[in-house]
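K.L.:
Right, I'll just put the structure down here and ask away after.
The values are calculated or read from the model by the stated rules, or taken from the named source; none is laboratory data. Everything numeric in this text was worked out from a predicted model, so none of it was measured. Here the Cβ positions follow ideal geometry from the backbone for every residue, glycine too, while neighbour counts run over all protein chains shown. The area values use the complete protein model at the heavy-atom level, side chains included, leaving out ligands, DNA and RNA. Shrake-Rupley method; radii C 1.70, N 1.55, O 1.52, S 1.80 Å.
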Amino acid sequence: MSINNTPADWFKGLAQNWKNDLVAAISVALVAMPLALGIAIASGAPPMSGILSVIIGGFVTTFIRGSHVAINGPANSLIAIVIVAVASLDDGSGNAFNYVLAAFIVSGGIQVLLGLFRLGRLAEAIPSSVIQGILAAIGIIIVAKQLHVALGTTSDAPNMIGVLIDAFKNIGQINPFVAIISLLGLLLLIFHAKISYKLFHFLPAPMWVLIIAIPFVYLFNFFEPHSISLFDRSYNVGPELLIHIPNNLLNSIQHPNFSMLGKGSFWLVVTSLTLITTVESLASTKAVDKLDPYKRKTNLNRDLMAVGLSSIVSGLIGGLPIVTVIVRSTVNIHNNAKTRWSNFFHGALILLFIVLLAPVMQSVPLAALAVILVFSGYKLTAPRVYVNTYNQGLEQLLFLVGTLFITLYSSLLWGVLGGIVLTLGVHLLLARVPLSVFFGMIVRPGNKLMHKEGNNYELKVKGVANFLTMLSINKLLEKVPQGASLKINVSTARLVDLTVLESLDDFKRIHKLNGGKVNMVGFEHHVASTNHRFALKSQTAPIPHRLSSREQNIKQVAFENNWGFRHEIEWDTYLLSSFKFFESRPLEYKTNIISGMYEDRDMSWEICDITFDEGALMAMEVYHTTVKVIELPFEIPEFTLESEGIFDKIFDRVASITGQKDIDFADSTVFSNKLLLKGDDEKAVRKFFTPELVAFFEEEQAYHVESNGNALLIFRDLRLARVSEINKMLRFSDELIKRIKPIEEVVHSYAD
């Protein structure tokens, strides 16, 4: 998608794109409502606190922030912060939550000041792996607390590790009438994304969990306190297992109490809250920018002011703090949202839902919300989080795990500080310089930006390039004019860490979109513990890689056919990124690359294993897929062709509202019923799909086939293909190419 077609903003954008934004907002609201209720309850706050913050996030933040397709509201990370805050400010007066509301307001005020004085980027100085460690610890805290709610058990352990252990020790005390609701909800959450049956995707997974839970409430009669006997034991059920929502929204409003303002514990809560919410908001906003198909860049300082001011408003009426939430933002983008108005619509829809559905929501069991949060918490600390971090370097895994344990045995604030100290200690060892020299390199790194001939610049990165010196590097990068050619030279740097490499990559991506060029040199003087592109560059010896049996078989196929084969990871995925499928699915790398030519047609092709992300941060799903790309020496229309399920017709009616309907052929019913064909230029697509080409697709197995105008992308499933499947893909593409004709032969007269 061309950034030249970027949607207009504000009211012009509303007039042009309200249909897209409203359709996307419906999906987002259906995800947001159960999550907002669950986050509030899990935090020890009134259920409506979460709903109020969603409404404020839509009605207030939308008009202040700089981001375009992000969604604002309460986040899972708030659970751990608010739990600790309520406990530390509880003086027995019953006003603990009111004290915490005051902390929300003060924290929001600090965020406004940070944004006003352009200090938002200070939060980026926290190492990436430390942030991952904090998020993983929050995930464990959520799982530990909510697992007991989901199973109907309790724990009085003094720390979160003990609470988590108690969930397994007290397994004999499980309430089966609660656990059955949680088990069914968990199965639905696990398999919702894996089942291609379109009916399951008509509503998001969290809403399905609530829907299947409500009948059990009536079956077991949770509305009246009583006992149910099972296997010679009695289990208590009653209204205490249900959500308590007032019929009148105004009855849920609470007000802050500032009488703890002079206490040290109050300011400790404010500091922790400001640090975590600021880091999460900025990290999520940057992640959303990467997912945005139009590659718009957000003013982070303005966004920080927006969430800060919204948190003040939310705290004044009893709501939770506002942050940028990555899960709902990902849903928003994948449902084709165009402008900031989708965030406004989602807040309005939540208000409408809670007014109309309050009686229904009062029948939702706490266990249903708990299992949604357990699943969300698990994703924050799932094994893939640790595997991905290990792939970035053993030292990164050390930073993550160290931060995690410090957080679990102390607090979020001490976790951040401890993780930073641990990171600096390892950097000191890897830099191999005395302590005084090490910190001297951080305080006075000596980085220089030099103007060369014409529009050429060179940035020399020196000393220790880590998270503490990243801000000074970014200041120099801001001086590079748009469209300039920049060489970043790190040859004299003792150490370049992951946080700096991520920041440089962000700059490179944005600078290229603005017509500039970036070339990074000097890494030949550094080695890393892994071949990940963001791995810390130091003097650590690289780890050799042995080919797996599958990789050896792929190499053999290439050898037998005189094709090229490269196993090494390659980070240049520019051609793949030009396909619509990857507009909101960031590519990481490709490997196991087979390359060849169709000599008779002068076409080069490549089959490779790719790794790409769907979503970001805690909403990220990582996929490994085998694809084939064929570069064409001529132009063809842009289109996407994939298998069409029984419910795709229903979804096509919804999509047609936003101008993305299926292109059918009246005289080819098999093709029209079997495959879903879409393209912006319908007339050109229809001319390109000749009767011969349509007949071919009718007879063949359905693949995802996509054109970006100059190349074709082909794949079958979102997993790595077996060698036999690669051979089938080769045969399919060989036959397809025989039927592909240049644009001038079949669509030379679009105006006809």
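K.L.:
Residues to consider are E502, E453, E478; find the one that is of a type in the set (D, E) and more than 30 Å from P293 (Cα to Cα).
P.N.:
Exactly one residue qualifies, and that residue is E453.
K.L.:
Kindly provide the set of residues from the stretch 264-287 that are farther than 18 Å from G73 by Cα, open to solvent by 50 Å² or more (accessible area, probe 1.4 Å) and in contact (Cβ under 8 Å) with a residue 60 or more places away in the chain, ordered by number.
P.N.:
Listed by number, the residues that qualify are L268, T271.
K.L.:
Among the residues of the stretch 321-328, is there at least one that is open to solvent by less than 30 Å² (accessible area, probe 1.4 Å) and over 17 Å from the mean Cα position of the chain (by Cα)?
P.N.:
Yes - at least one qualifying residue is present in the stretch 321-328.
K.L.:
Assuming G515 fulfils every condition listed in (1) within 25 Å of V480 (Cβ to Cβ); (2) in contact with a helix residue (DSSP H, G or I) (Cβ under 9 Å, 6 or more places away or on another chain) apart from one, which condition is it?
P.N.:
(2)
K.L.:
When you scan the stretch 558-576, do you find a residue that is over 18 Å from N727 (Cβ atoms) and among the small types (G, A, S), even just one?
P.N.:
No, that holds for no residue.
K.L.:
Take S311 and decide whether it is within 19 Å of N98 (Cβ to Cβ) and not β-branched (V, I, T).
P.N.:
yes
K.L.:
Step by step: first the residues of the stretch 288-320, then only those that are touching a helix residue (DSSP H, G or I) at 6+ places or on another chain (Cβ under 6 Å) and of a type in the set (S, T, N, Q), then the one that is surrounded by the most Cβ atoms within 10 Å (Cβ to Cβ). Which residue is that?
P.N.:
Once the filter is applied, the top-ranked residue is S311.
K.L.:
A further question follows. If you go through the stretch 120-129 one residue at a time, do you hit one that is in contact with a Pro (Cβ under 9 Å, 6 or more places away or on another chain) and of a type in the set (A, V, I, L, M)?
P.N.:
Looking through the stretch 120-129, none of the residues is in contact with a Pro (Cβ under 9 Å, 6 or more places away or on another chain) and of a type in the set (A, V, I, L, M).
K.L.:
Every residue in the stretch 366-398 that is of a type in the set (S, T, N, Q) and closer than 26 Å to S43 by Cβ, please.
P.N.:
S376, T381
K.L.:
Could you list, in sequence order, all residues of the stretch 549-581 that are free of Cβ contacts under 8 Å to residues at least 60 places away in the same chain, under 14 Å from H624 (Cβ atoms) and assigned to a helix (DSSP H, G or I)?
P.N.:
Across the stretch 549-581, the qualifying residue is only E551.
K.L.:
What are the residue pairs meeting all of these: first residue in the stretch 674-685, first residue within 15 Å of E644 (Cα to Cα), second residue of a type in the set (G, A, S) and assigned to a helix (DSSP H, G or I), Cβ atoms under 9 Å, and 6 or more apart or on different chains?
P.N.:
Going by the 9 Å Cβ cut-off, the qualifying pairs are K678/A655.
K.L.:
Restricting the first residue to the stretch 145-168 and requiring it to be free of Cβ contacts under 8 Å to residues at least 24 places away in the same chain and under 19 Å from I81 (Cα atoms), which pairs with a second residue that is surrounded by 22 or more Cβ atoms within 10 Å (Cβ to Cβ) and among the basic types (K, R) meet a Cβ separation below 7 Å and a spacing of at least six or different chains?
P.N.:
Cβ pairs passing all conditions: V163/K145.
K.L.:
Scan the stretch 680-694 and tell me whether some residue there is surrounded by 16 or more Cβ atoms within 10 Å (Cβ to Cβ), under 34 Å from the mean Cα position of the chain (by Cα), at pLDDT 85 or above and part of a loop (DSSP other than H, G, I, E, B).
P.N.:
For the stretch 680-694, residues surrounded by 16 or more Cβ atoms within 10 Å (Cβ to Cβ), under 34 Å from the mean Cα position of the chain (by Cα), at pLDDT 85 or above and part of a loop (DSSP other than H, G, I, E, B): absent.
K.L.:
Right, here's the next one. Under 9 Å by Cβ, and 6 or more places apart or on different chains, what pairs join a residue from the stretch 30-45 that is on the phi > 0 side of the Ramachandran plot with one that is part of a helix (DSSP H, G or I) and surrounded by fewer than 24 Cβ atoms within 10 Å (Cβ to Cβ)?
P.N.:
Pairs that qualify, where the first residue is on the phi > 0 side of the Ramachandran plot and the partner is part of a helix (DSSP H, G or I) and surrounded by fewer than 24 Cβ atoms within 10 Å (Cβ to Cβ), are G44/I83; G44/V86; G44/A87; G44/A96; G44/F97.
K.L.:
I need the strands (runs of 3 or more DSSP E) fully contained in the stretch 369-474, keeping only those with at least 1 residues that are of a type in the set (D, E).
P.N.:
Output list reads 456-460.
K.L.:
Okay, next question. Are any of the residues in the stretch 134-144 farther than 21 Å from P256 by Cα, without any contact (Cβ under 8 Å) to a residue 40 or more places away in the chain and not charged (D, E, K, R)?
P.N.:
yes
K.L.:
Say we look at the stretch 403-415 and pick out the residues that are more than 14 Å from L135 (Cβ to Cβ) and open to solvent by less than 40 Å² (accessible area, probe 1.4 Å); which of these is modelled with the highest pLDDT?
P.N.:
Checked the stretch 403-415; the qualifying residue modelled with the highest pLDDT is L413.
K.L.:
Right, something else. Would you mind finding the one in T285, T298 that is part of a helix (DSSP H, G or I) and of a type in the set (S, T, N, Q)?
P.N.:
On inspection, the qualifying residue turns out to be T285.
K.L.:
Please find, within the stretch 476-505, the residue that is most open to solvent (accessible area, probe 1.4 Å) out of those that are hydroxyl-bearing (S, T, Y) and farther than 24 Å from A123 by Cβ.
P.N.:
In this case the residue turns out to be T492.
K.L.:
If N221 meets every condition in (1) on the phi < 0 side of the Ramachandran plot; (2) in contact (Cβ under 8 Å) with a residue 12 or more places away in the chain apart from one, which number is that one?
P.N.:
In the conditions (1) on the phi < 0 side of the Ramachandran plot; (2) in contact (Cβ under 8 Å) with a residue 12 or more places away in the chain, N221 misses (1) alone.
K.L.:
Filter the stretch 110-126 for residues that are open to solvent by less than 10 Å² (accessible area, probe 1.4 Å), modelled with pLDDT of 85 or more and farther than 19 Å from W267 by Cα and give the result.
P.N.:
If the condition is that a residue be open to solvent by less than 10 Å² (accessible area, probe 1.4 Å), modelled with pLDDT of 85 or more and farther than 19 Å from W267 by Cα, then G115 is the only one that fits.
K.L.:
Within the stretch 359-368, work out how many residues are out of contact with any helix residue (DSSP H, G or I) (no Cβ under 6 Å at 6 or more places or on another chain) and part of a helix (DSSP H, G or I).
P.N.:
Matching residues across the stretch 359-368 total 3.
K.L.:
Would you mind stating whether K508 is charged (D, E, K, R), assigned to a helix (DSSP H, G or I) and surrounded by fewer than 17 Cβ atoms within 10 Å (Cβ to Cβ)?
P.N.:
no
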